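> A single structure is presented below for examination.
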Protein chains: 2
Amino acid sequence: MNEKPDTKSRILDSAEKLFGLNGFEATSLRDITAEAQVNLAAVNYHFQSKESLIDAVIARRIEPVNRRRFEMLDAAGPHPSLEQILTAFVGPLLDQDLSSVVPLMGRMMSDPTQFVERVFKKYLTPVSRRFQEALHEELPDLPRSELMWRLFFTGGAMAHTMSWSQVLSEVSGGLCDVTDRGALIERLVAFAAAGFRVPALEPAVMKGKG
Amino acid sequence: MNEKPDTKSRILDSAEKLFGLNGFEATSLRDITAEAQVNLAAVNYHFQSKESLIDAVIARRIEPVNRRRFEMLDAAGPHPSLEQILTAFVGPLLDQDLSSVVPLMGRMMSDPTQFVERVFKKYLTPVSRRFQEALHEELPDLPRSELMWRLFFTGGAMAHTMSWSQVLSEVSGGLCDVTDRGALIERLVAFAAAGFRVPALEPAVMKGKG
DNA sequence: GTCTATAGGTTGATAGAC
DNA sequence: GTCTATCAACCTATAGAC
């Protein structure tokens with residue numbers, strides 16, 4: 001029963017777990033090789049550097065997520081509802097049973113200065129473009145900047161939930177249960193969809209007393 | 001005209017800037033003392049350790065923010081509107097002209113495992129409690145867990161915006177302008193308020209096809 | 001309070017035997 | 001492919017002169 005995967009996979013698994021738990025900078029290669037019960041030099045043999053290892057850890061998880069996003073959006077037909085679009089956007093990321101993937105992705109999305117060049121321009125740009133198009137078709141009256149802001153807010157709520165998933169139950173006094181991922185996705189989609197349906201703000205109107 | 005503040009303030013200012021720019025772990029004390037044009041040993045004289053310095057940098061900015069949050073909530077009277085409550089929650093954090101404060105706070109909120117013990121239980125618990133009460137009075141039919149989740153989503157959208165503020169204009173192709181903070185706050189409050197007003201999800205009802 | 005000098009430890013990466 | 005041993009660079013923190 002396949003007790004010992006190969007060294008390369010063991011390194012990826014341990015790195016994913018520790019990066020998600022403690023962050024990328026705070027996790028040393030020695031921490032990783034100790035957890036993986038693998039020799040230190042194996043990291044630089046299979047991957048060239050810590051930076052490349054980080055990229056490999058992220059790529060392994062983000063590629064299937066993006067694939068599922070497009071699949072779900074396609075499966076919703078030519079005129080998907082707002083809820084279907086948003087579910088295709090947040091669902092594949094949040095609906096993962098591998099507990100270490102979610103915090104890892106949260107760490108990644110919360111550190112833009114480190115990843116915007118190496119990761120986001122490669123993996124997130126096509127996703128953002130495609131989902132902006134779908135949203136624009138469903139909400140044609142919403143200005144593009146407003147649409148972009150709201151997609152960003154939605155991504156923020158999602159990223160924050162992923163970053164905090166390990167401690168959320170504790171800090172919420174048990175009110176927030178992260179383990180029921182189906183309910184979580186429905187909650188977030190309902191919240192975001194309502195925000196998207198707000199008519200665009202008109203600056204002149206807002207000047208009245210708050 | 002007060003060209004050179006004292007060493008202690010210079011360290012705090014430089015630390016705030018570099019922590020926000022590159023993160024806490026990635027910023028060394030040497031980076032900070034070089035930026036501040038101050039001797040390395042001065043850090044351990046004025047603060048005892050890097051960890052204490054981080055706490056001091058955060059405390060200096062979060063305390064006035066929390067004070068303003070309570071002031072704004074009090075100023076809204078005994079029955080504040082949902083928009084007034086949310087503005088009091090997100091406004092004081094986002095409405096800061098010091099450009100380094102916003103990314104710093106974003107970094108802090110995005111690293112729960114590091115700060116949940118040292119920072120959040122001290123500074124965020126009373127805020128969370130007070131705003132939960134206010135929200136519950138305004139939305140008495142919303143279950144507490146649902147309310148907590150939505151407050152969390154709102155905080156996530158806010159934290160994400162702060163973390164990304166330095167690169168958001170670039171990655172959005174110029175669509176998102178972070179400099180107009182008044183408009184940003186209105187946008188986020190409108191988005192979140194709509195999400196809060198969604199009736200509580202009833203699990204049984206959701207089982208129909210999406 | 002501010003400096004120099006340095007202790008003491010950890011890091012990422014590599015050379016070379018097997 | 002996997003190991004041991006090690007390097008050079010960097011880190012935080014401190015002792016002690018001024």
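> Can you give me the Rg/Rh ratio for the stretch B:98-144, using Cα atoms for both radii and the Kirkwood formula for Rh?
We get a ratio of 1.12 for the stretch B:98-144.
> Based on alpha-carbon atoms only, what is the radius of gyration of chain B relative to the globular estimate 2.2 N^0.38 Å?
1.16
> While we're here: Using a 7 Å offset from Cα along the direction of the beta-carbon, what are the separations from A:ARG118 to the same position in each other copy, nm, ascending?
Distances to the matching label points in the other copies: 2.4 nm.
> What list of ³J(HN,Hα) couplings, whole Hz, do you get for the stretch B:165-181 from phi and the Karplus terms 6.51, -1.76, 1.60, once you set θ to phi - 60° and write x for glycine and proline?
Each residue of the stretch B:165-181 in turn: 3, 6, 10, 5, 4, 5, 5, 8, x, x, 6, 9, 9, 7, 6, 7, 5 Hz.
> What size of dipole, in debye to the nearest 20, comes out for the protein assembly as shown about its Cα centre when the only charges are +1 on Lys and Arg C-beta atoms and -1 on Asp and Glu C-beta atoms?
380
> Moving to a separate point now. Using alpha-carbon positions, what is the distance between the centroids of the stretch B:49-118 and the stretch A:82-158, in Å?
Cα centroid of the stretch B:49-118 versus Cα centroid of the stretch A:82-158: 25 Å apart.
> Which ³J(HN,Hα) values, rounded to whole Hz and listed in residue order, are derived for the stretch B:133-146 from phi using the Karplus coefficients 6.51, -1.76 and 1.60 in 6.51 cos²θ - 1.76 cosθ + 1.60 with θ = phi - 60°, glycine and proline given as x?
4, 4, 5, 5, 5, 7, 10, x, 7, 7, x, 4, 5, 5
> Please provide three numbers in whole Å: the alpha-carbon extents of the stretch B:1-78 along the principal axes, with the largest listed first.
51, 34, 22
> Do any of A:LYS17/A:LYS122; B:LYS50/B:LYS121; A:LYS4/A:LYS122; B:LYS8/B:LYS121; A:LYS50/B:LYS121; A:LYS122/B:LYS122 go past 30 Å between their Cα atoms, and which?
Cα-Cα > 30 Å for A:LYS4/A:LYS122; A:LYS50/B:LYS121; A:LYS122/B:LYS122; rest within.
> Another one. Quantify how strongly other chains surround peptide A:119-130 by giving the mean number of their Cβ atoms within 10 Å of each of its Cβ atoms.
Partner-chain Cβ atoms within 10 Å, mean over residues of A:119-130: 1.
> Follow-up. Averaged across A:171-180, how many Cβ atoms of other chains sit within 10 Å of each residue's Cβ atom?
So the per-residue partner count for this stretch is 4.
> Let me ask something else about it. With contacts defined as alpha carbon pairs under 8 Å and 6 or more residues apart, what's the relative contact order of the stretch B:71-210 in percent?
36
> Taking a label point 7 Å out from Cα toward Cβ, give me the nm distances from B:VAL167 to the same spot in the other copies, shortest first, one decimal.
Once sorted, the set of distances for B:VAL167 reads 2.3 nm.
> With everything on Cα atoms, drop me the angle between helix B:7-22 and the longest principal axis of chain B, reported from 0 to 90° to the nearest 10.
50
> Any idea which of B:GLY174, A:TRP149, A:SER52 is furthest toward the positive side of the dipole for the protein assembly as shown, if Lys and Arg beta-carbons carry +1 and Asp and Glu beta-carbons -1?
A:SER52
> Next question. Starting from a label point 7 Å past Cα on the Cβ side, list the distances from B:PRO140 to the same position in the other copies, nm, shortest first.
Result, one decimal in nm: 4.4.
Every number in this text was worked out from the coordinates using simple rules, so none of it is lab data. Computed from a predicted model, the values in this text were never measured in an experiment. So basically every Cβ, Gly included, is an ideal-geometry build from the backbone, and we count neighbours across all protein chains shown.
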